[in-house]
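*Asks:* Pasting a structure below so you can have a look.
The values are calculated or read from the model by the stated rules, or taken from the named source; none is laboratory data. Not measured: the values here are computed from a predicted model. Cβ: placed from backbone, ideal geometry, glycine included. Neighbour counts: every protein chain shown. Heads up: the accessible areas ignore ligands, DNA and RNA and are worked out on the full protein's heavy atoms, side chains in. Shrake-Rupley method; radii C 1.70, N 1.55, O 1.52, S 1.80 Å.
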Protein chains: 2
Amino acid sequence: MSRIIRAALLQHACGEDKNTNLATSIAMAREAAGKGAELVVLQELHTTRYFCQTEDVACFDLAETVPGPATEWLSAVAAELGIVLVASLFEKRAPGLHHNTAVVFERDGSIAGMYRKMHIPDDPGFHEKFYFAPGDIGFAPIATSVGRLGVLVCWDQWFPEAARLMTLRGAELLVYPTAIGWDPRDDRAEKERQRDAWTIAQRAHAVVNGLFVLSVNRVGHEPDPSGVLAGVDFWGSSFVAGPQGELLAGAGATQNETLVADIDLGRTESVRRIWPFLRDRRIDAYDGLLKRYEA
Amino acid sequence: MSRIIRAALLQHACGEDKNTNLATSIAMAREAAGKGAELVVLQELHTTRYFCQTEDVACFDLAETVPGPATEWLSAVAAELGIVLVASLFEKRAPGLHHNTAVVFERDGSIAGMYRKMHIPDDPGFHEKFYFAPGDIGFAPIATSVGRLGVLVCWDQWFPEAARLMTLRGAELLVYPTAIGWDPRDDRAEKERQRDAWTIAQRAHAVVNGLFVLSVNRVGHEPDPSGVLAGVDFWGSSFVAGPQGELLAGAGATQNETLVADIDLGRTESVRRIWPFLRDRRIDAYDGLLKRYEA
């Protein structure tokens, strides 16, 4: 029942210049393909700095239509390398309407599907509600030649509902392009708690759904353009977890890294046979999940 | 905003004799109270061996009504020690109708509330669907003088839906009496993956809901009375996790242990201020959670 695919997670720093960032992504994708990767996952908003540290209308100039110039580039790269490619872009849908959108390219360069980030954060340093309208195409796996991808984005990581819905709709693995980091002013213990929490939450998605999780985060310090905060130290630490939550591969916290891992999608079948959680969900008693709060 | 309670998790082995097991639980509760514990949590089905390794109608003799002899004993202990006590019993509700039930006693010995295990496993060595009807009182926190307890039991651990529903209904901490262990025939790597998965899944409940999790598991080898399997090595490893999933206290895998931890319930407020997941749930898009499967 073994079905092995080779995946690569591309973790890198981003600078001010969009073309340079895109060139970095593409060079790393080429390196990954050279190592035999069939599935290549890019980090969240990989063509730009994480501009959401401040609310600035000028940043809407960074957005592009889908399809648009960036997808043209990425489509050509996917076709040239013969890879399934997961990219993450700032989508301009209409004047004043933007999304945080993941686009999946098939090996022939066609667009296999897209996902618009559903859960949008808004916290000091992460003002996403200003930039991104909440996704309106829901939680739908994207069928590709390497399997059905449950593509989710960053803040979605903290919501077991999202992982579960992708699973119930047939996702074979979960993929999380991410941009998350530390406030440099926090102490080491707080930083460790935060990164551990991030890792644990996603490994738990793997466990309770019995599938692989691929999470890709950027690295590097990016200053707060408004000067209000101390900027963000993106913590990298991209990883691949198996269907028991086991860590199969992990990147460091500071360096660009092309993380390659072989994934046997057949393990989902064997793990779910010993842990048949999907059999036992109490769907007769879950109505409250559709409420904001009930106390 | 600090509100500190001292909790104790009582992890112990169980033998054939019910009175001896109950005496062990009570002696450890007394020890915990002597250390200042206000909240004492017992492991799943602490008055008996884990009889679900085999399907034997004679085992229904182990069940008791609630209230009944065991609750009378435990009520007296709670009142004597002035503790909130979480017990886990094999409940006889009617002839041929039994539940896996947690009972919570208030400091005055009164029954503060009960929870009937909602998710019922059935796997080799864990034939619970034979013994326990699925709970019918849903996911409802139990109000006590130490806070509102989201009491769940064992297999519920693998269902983020259960933890979320308790949270949305005002639970201030999650409590999991448990009986989980290894098949002695599995190799060390498989055993470690299983225990890690168990820990991670529950630490993630703490993270995504921003509250404390207390999980109590038994220790010791118990043979399979039917001789079909190799028995179960219960892995102990009871633990307390904080609202960022951080491990605050942990027990070993083989010995009886009274694990005491101070819990500051005020941390939920501060953690949820930086990680306001409850604000951002997409309740407009969660309908699929009420389905068995959608693909």
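*Asks:* So which pairs qualify, if the first residue must be in the range A:145-171 and touching a residue at least 24 places away in the same chain (Cβ under 8 Å), the second must be basic (Lys, Arg), the Cβ gap must be under 6 Å, and the two must be at least 6 apart or on different chains?
*Replies:* Close Cβ pairs satisfying both conditions: A:Ser145/A:Arg107; A:Val153/A:Lys117; A:Gly170/A:Arg148; A:Ala171/A:Arg148.
*Asks:* Within the range A:277-294, identify whether any single residue is away from chain B (no Cβ under 14 Å), of a type outside the set (D, E, K, R), touching a residue at least 12 places away in the same chain (Cβ under 8 Å) and touching a helix residue (DSSP H, G or I) at 6+ places or on another chain (Cβ under 6 Å), and answer yes or no.
*Replies:* No, the range A:277-294 contains no residue that is away from chain B (no Cβ under 14 Å), of a type outside the set (D, E, K, R), touching a residue at least 12 places away in the same chain (Cβ under 8 Å) and touching a helix residue (DSSP H, G or I) at 6+ places or on another chain (Cβ under 6 Å).
*Asks:* Inspect all residues belonging to the range A:68-75 and state whether any of them is closer than 22 Å to A:Val153 by Cα and without any contact (Cβ under 8 Å) to a residue 12 or more places away in the chain.
*Replies:* Yes, some residue in the range A:68-75 is closer than 22 Å to A:Val153 by Cα and without any contact (Cβ under 8 Å) to a residue 12 or more places away in the chain.
*Asks:* Of the conditions (1) open to solvent by less than 40 Å² (accessible area, probe 1.4 Å); (2) touching a residue at least 40 places away in the same chain (Cβ under 8 Å), A:Glu38 clears all except one; give me its number.
*Replies:* It fails just one condition, (1).
*Asks:* Let me ask something additional. Considering every residue within the range B:2-14, establish whether at least one is among the hydroxyl-bearing types (Ser, Thr, Tyr), in contact (Cβ under 8 Å) with a residue 60 or more places away in the chain, open to solvent by 10 Å² or more (accessible area, probe 1.4 Å) and over 21 Å from B:Gly181 (Cβ atoms).
*Replies:* yes
*Asks:* Among the residues of the range A:123-154, which ones are among the aromatic types (Phe, Trp, Tyr), in contact with a strand residue (DSSP E or B) (Cβ under 9 Å, 6 or more places away or on another chain) and open to solvent by 20 Å² or more (accessible area, probe 1.4 Å)?
*Replies:* A:Phe126
*Asks:* Identify, by number, the condition in (1) within 24 Å of B:Ala133 (Cα to Cα); (2) over 19 Å from the mean Cα position of the chain (by Cα) that B:Arg30 doesn't meet.
*Replies:* Only one criterion is unmet by B:Arg30, namely (1).
*Asks:* Out of the residues in the range B:15-35 that are in contact with a helix residue (DSSP H, G or I) (Cβ under 8 Å, 6 or more places away or on another chain), open to solvent by 10 Å² or more (accessible area, probe 1.4 Å) and touching a residue at least 40 places away in the same chain (Cβ under 8 Å), which is nearest to B:Val84 (Cα to Cα)?
*Replies:* B:Ala33
*Asks:* Mind checking which residues of the range A:172-199 are open to solvent by less than 10 Å² (accessible area, probe 1.4 Å) and either in contact with a helix residue (DSSP H, G or I) (Cβ under 8 Å, 6 or more places away or on another chain) or part of a helix (DSSP H, G or I) (or both)?
*Replies:* Hits for the range A:172-199 are A:Leu174, A:Tyr176, A:Pro177, A:Thr178, A:Ala179, A:Ala197, A:Trp198.
*Asks:* Next question, about the same structure. Among the residues of the range A:100-119, which ones are within 14 Å of chain B (Cβ to nearest Cβ) and open to solvent by less than 10 Å² (accessible area, probe 1.4 Å)?
*Replies:* Once the filter is applied, which keeps residues that are within 14 Å of chain B (Cβ to nearest Cβ) and open to solvent by less than 10 Å² (accessible area, probe 1.4 Å), the range A:100-119 yields A:Asn100, A:Tyr115, A:Lys117, A:Met118, A:His119.
*Asks:* Between A:Gly227, A:Gly210, A:Gly150, which is small (Gly, Ala, Ser), over 19 Å from B:His205 (Cβ atoms) and at pLDDT 95 or above?
*Replies:* Values: A:Gly227 fails: at pLDDT 95 or above; A:Gly210 fails: over 19 Å from B:His205 (Cβ atoms).
The unique qualifying residue is A:Gly150.
*Asks:* Can you find even one residue in the range A:251-264 that is within 14 Å of chain B (Cβ to nearest Cβ) and either hydroxyl-bearing (Ser, Thr, Tyr) or in contact with a helix residue (DSSP H, G or I) (Cβ under 8 Å, 6 or more places away or on another chain) (or both)?
*Replies:* Within the range A:251-264 (the criterion being within 14 Å of chain B (Cβ to nearest Cβ) and either hydroxyl-bearing (Ser, Thr, Tyr) or in contact with a helix residue (DSSP H, G or I) (Cβ under 8 Å, 6 or more places away or on another chain) (or both)), the answer is no, since none of the residues qualifies.
*Asks:* May I pose another question? Looking at (1) crowded, with 20+ Cβ neighbours inside 10 Å; (2) closer than 26 Å to A:Glu172 by Cβ; (3) hydrophobic (A, V, I, L, M, F, W, C), which is the only condition A:Ala79 fails?
*Replies:* Result: A:Ala79 fails condition (1) only.
*Asks:* Can you tell me which residue in the range A:252-292 is surrounded by the most Cβ atoms within 10 Å (Cβ to Cβ), limited to those that are among the charged types (D, E, K, R) and over 30 Å from B:Leu290 (Cβ atoms)?
*Replies:* A:Glu257
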